[in-house]
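A short worksheet on the structure shown next.
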Amino acid sequence: MSAAAQAAVDKAIAELSYTPNRAARSLVTRRTDSIALVIPEPDERVLTDPFFSATLNGLSSALASSDLQLVLIIARPGESDRTRRYLRNGHVDGAVVVSHHEADRLDTLLAESRLPAVFVGRPLNEIGRLNYVDVDNYGGGRLAAEHIVATGRTRIGMIAGPQDMAAGRDRLRGWKDMLTEHGLATDAVETSDFTTVTAIEATQRLLDKHPDIDAIIAGSDLIAVGAINVLRERGLSVPDDVAVIGFDNLGVSTSPALTTLTNPVVAMARTAGQLLLEILEDDDVEPQHKQFSPDLVVRGSTAPAKG
């Protein structure tokens, strides 16, 4: 286009307040200029768990300099088929999936499709060309157990996260391996969702079966909150009677303050967004697996055992 023609077009655009029609443009480009953040969890958990607001924060910052629109998809339990149809039918150019459960089967769908996608959290089935960003959950689990042992506790209970997610399995495996290396029992285990409500039920089961425990390693900070609530209701002091350690460090409030492991969710989501942008620019990018290291944050809930 000549300079004169460009000037005439620019003048017409200004006079008519013209804006491109995205729907019309997508017919030519075969692009929707939008990506999906897919969260296969119930609405109430998405709205109350700080993990998801941190994810949204990190992903939004990664996309801030682009023209891509972010579409939030909450895939409620039992509605995964609808989500799979939506992703398969070309409504978005790519997807970031967070909090993926084994039964959601989005890993299989995205591995078989050509839709660019990145998982925040390693999917259990590492199929084909899947990209993911994760924290070293196994190493973090070992670090949590090592800290608890160093405080002098010897009868340690565990409330693990859901075992249909890699994070839940890896953290539990890390705890067990470290306790085994120290010659300590690993039989006091219950599982929970990453929620306080189910953690309360799991803690009650744990204490009923193993009233002699002197520490609880929790699969997340929200699980730790539930555990502390139950301990307080039963007249047990934290940390004097039972020490408690969580995993996330996303700002939950407890008394005493909670010892935990950092889960750098904002940085992971930002990295996932940046990786997705790279894939959208070049779909021949080799599959990438990026892992962050957790850090131990020591607070009052794991003060050394007295005596």
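The values are calculated or read from the model by the stated rules, or taken from the named source; none is laboratory data. Here the structure is a predicted model, which is why all the values come from computation and not from measurement. Note that we place each Cβ from the backbone using ideal geometry, even for glycine, and neighbour counts take in every protein chain shown.
Brief remarks follow.
- Of all residues in segment 58-97, those that are of a type outside the set (D, E, K, R) and within 17 Å of Leu277 (Cβ to Cβ) total 18.
- Checked against the criterion of being under 30 Å from Asp134 (Cβ atoms) and part of a loop (DSSP other than H, G, I, E, B), segment 222-236 has no qualifying residue.
- Every condition in (1) free of Cβ contacts under 8 Å to residues at least 12 places away in the same chain; (2) over 19 Å from Asp248 (Cα atoms); (3) part of a helix (DSSP H, G or I); (4) of a type in the set (S, T, N, Q) is met by Ser65 except one, and the failing one is (3).
Here's the yes/no breakdown for (1) of a type outside the set (Ser, Thr, Tyr); (2) in the same structural domain as Glu44 (by TED's automatic domain parsing); (3) free of Cβ contacts under 8 Å to residues at least 24 places away in the same chain:
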| residue | (1), (2), (3) |
| --- | --- |
| Val189 | yes, no, no |
| His210 | yes, no, no |
| Leu222 | yes, no, no |
| Asn229 | yes, no, no |
| Arg232 | yes, no, yes |
| Gly235 | yes, no, yes |
| Asp248 | yes, no, no |
| Pro256 | yes, no, no |
| Gly273 | yes, yes, no |
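So that you can scan it fast, the table gives a plain yes or no per residue for (1) among the polar types (S, T, N, Q); (2) part of a loop (DSSP other than H, G, I, E, B); (3) at pLDDT below 95:
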position: Asp81; (1), (2), (3): no, no, yes
position: Tyr86; (1), (2), (3): no, no, yes
position: Thr108; (1), (2), (3): yes, no, yes
position: Val118; (1), (2), (3): no, no, no
position: Pro123; (1), (2), (3): no, yes, yes
position: Gly152; (1), (2), (3): no, yes, no
position: Gly157; (1), (2), (3): no, no, no
position: Arg169; (1), (2), (3): no, no, no
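- Boolean, Ser99 is closer than 22 Å to Pro50 by Cβ and of a type in the set (S, T, N, Q): yes
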